[in-house]
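Asker: Here it is, the structure, as structure tokens.
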Amino acid sequence: MSQTPRKKTKNVVELEVQRTQRLTPHMVRVVLGGDGIRDFHDNNDSDHYVKLLFPPEGVTYPEPFDLEAIERDFPREQQPVKRTYTVRSFDPQAGELTIDFVYHGDVGIAGPWAVAAQPGDKLRLLGPGGKYSPSDEADWHLLVGDESAIPAIASALERLAPGASAHVILQVEDRQEIQSLSSPAKVKFTWLFRTESELENPRSSLVDAVKGFEFPPGQGHLFVHGEAETVMKRIRPHLLKERCVNRDWLSISGYWRLGNTEERFRQWKAAERTTITA
């Protein structure tokens, strides 16, 4: 008796939790795998990201899972909640996809899920997307971000050539959030801590660090991602207008916005794009 082929829509991939690890007090690693890993086709970008699908509490969906049918037939409040996360690493030989989650207590959706995740738990996702990898043609690299950008920056550092030069500026909550990031390149790290320098203005020190960074000679390749107001409203104009950085050598974007859910953040981004193009 033949089996009915599983229907796949919108590149939905269903994975299983293999194991978890608490990297720091506010960072949780979840390693995913299972039979569904063969449906995941990586794009090889170091900022590759996926959309995680979380069903609202108390809602179950017909099997086989069909996202197009769910979005057509279920009321909006019962449709999966989407959260965007960077892929920390993908190992097709081991059949494992790793995602690091920022955890800020029992608020939100993805962080609490990651803390509670157990081997065998299911997680569906869409993707990947992404469009940045460090250029081998650059003379030096600058990678800037907060906790949300650590997975992408860590992935980029691992791809740098031996002898390449990179400077990393990372902003985290406190010294307990420092992670050991490896690279074959020559890397200088600057760690900034909100608890020590940003009690009055939680956006100030990262901006100051970028403004105070002295560009080395030659062509730089810059990656700047993190809190949207900080990155897009304060760092982006500085780099493009005051430093005259060529847009082709700059990857810059907001991953989140202070005080916003991802849904509200998407609305803010759409309004910002409308304002810029108007």
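The values are calculated or read from the model by the stated rules, or taken from the named source; none is laboratory data. Every value quoted in this text rests on a predicted model; they were computed, and no experiment measured them. For neighbour counting, all protein chains shown are included, and Cβ atoms are generated from backbone atoms with ideal geometry for every residue, glycine included. Side chains included, ligands, DNA and RNA excluded: accessible areas come from the protein's heavy atoms. Shrake-Rupley method; radii C 1.70, N 1.55, O 1.52, S 1.80 Å.
Asker: Which whole-number percent gives the relative contact order of the range 120-246, counting Cα pairs below 8 Å spaced six or more residues apart? Spell out each step's value before the answer.
Answerer: Details: 171 pairs, mean separation 36.4, N = 127.
Here the relative contact order equals 29 percent.
Asker: What's log10 of I(q)/I(0) for the range 76-189 at q = 0.19, 0.21 Å⁻¹, Debye sum over Cα points only, no solvent?
Answerer: The Cα Debye sum returns log10 ratios of -1.16, -1.31.
Asker: In terms of modelled amide H atoms, which long-range or inter-chain residues lie less than 5 Å from the amide H of Tyr132?
Answerer: Ser46, Asp47
Asker: If you wrap a convex hull around the C-alpha atoms of the range 143-258 and split its volume per residue, what is the figure in Å³? If you can, show how the numbers build up before the last one.
Answerer: Numbers: hull volume 11.7 nm³, N = 116.
Taking only Cα atoms, the range 143-258 has a hull volume of 101 Å³ per residue.
Asker: A further question on this structure: For the range 151-156, what does the Karplus curve 6.51 cos²θ - 1.76 cosθ + 1.60, with θ = phi - 60°, yield as ³J(HN,Hα) per residue in whole Hz, taken in order and with x for Gly and Pro?
Answerer: x, 5, 5, 4, 5, 5
Asker: In terms of the ratio Rg/(2.2 N^0.38 Å) built on C-alpha atoms, what value belongs to the chain?
Answerer: Numbers: Rg = 19.7 Å, N = 278, 2.2 N^0.38 = 18.7 Å.
For the chain, the normalised Cα radius of gyration comes out at 1.06.
Asker: Same structure, new question: Give Lys188/Lys233; Lys131/Lys241; Lys51/Lys188; Lys82/Lys131; Lys51/Lys186 a once-over and call out the pairs whose C-alpha atoms are over 28 Å from each other.
Answerer: Details: Lys188/Lys233 26 Å; Lys131/Lys241 23 Å; Lys51/Lys188 32 Å; Lys82/Lys131 20 Å; Lys51/Lys186 33 Å.
Over 28 Å Cα-Cα: Lys51/Lys188; Lys51/Lys186.
Asker: Still on this structure, please answer the following. Multiply the residue gap between Arg159 and Ile178 by 0.36 nm, knock off their C-alpha separation, and tell me the result in nm, one decimal place. Don't skip to the answer; put the middle values down first.
Answerer: Details: separation 19, 0.36 × 19 = 6.84 nm, distance 2.05 nm.
Roughly 4.8 nm would be gained on extension.
Asker: Next question, about the same structure. In percent, what relative contact order does the range 22-126 have, based on Cα pairs under 8 Å that are 6 or more apart in sequence?
Answerer: Details: 137 pairs, mean separation 41.8, N = 105.
Taking the mean separation of contacting Cα pairs over the length of the range 22-126, I get 40 percent.
Asker: In whole Hz, with x marking every Gly and Pro, tabulate ³J(HN,Hα) for the range 107-122 from phi via Karplus 6.51 cos²θ - 1.76 cosθ + 1.60, θ = phi - 60°.
Answerer: Working through the residues one at a time gives 10, x, 10, 5, x, x, 4, 4, 5, 8, 4, 10, x, x, 4, 9 Hz.
Asker: Label-point separation (nm) for Arg76 and Lys122, each offset 7 Å from Cα along Cα-to-Cβ?
Answerer: About 2.7 nm separates the two model spin labels.
Asker: Leaving out ligands and nucleic acids, note down the accessible area per residue over the chain with a 1.4 angstrom probe, in whole Å². Present the calculation step by step, with values, prior to reporting the outcome.
Answerer: Working: 14820 Å² over 278 residues.
That works out to 53 Å² for each residue.
Asker: Can you work out ³J(HN,Hα) from phi for every residue in the range 123-130, in order, using Karplus 6.51 cos²θ - 1.76 cosθ + 1.60 and θ = phi - 60°, giving whole Hz and x for Gly and Pro?
Answerer: 9, 9, 8, 10, x, x, x, x
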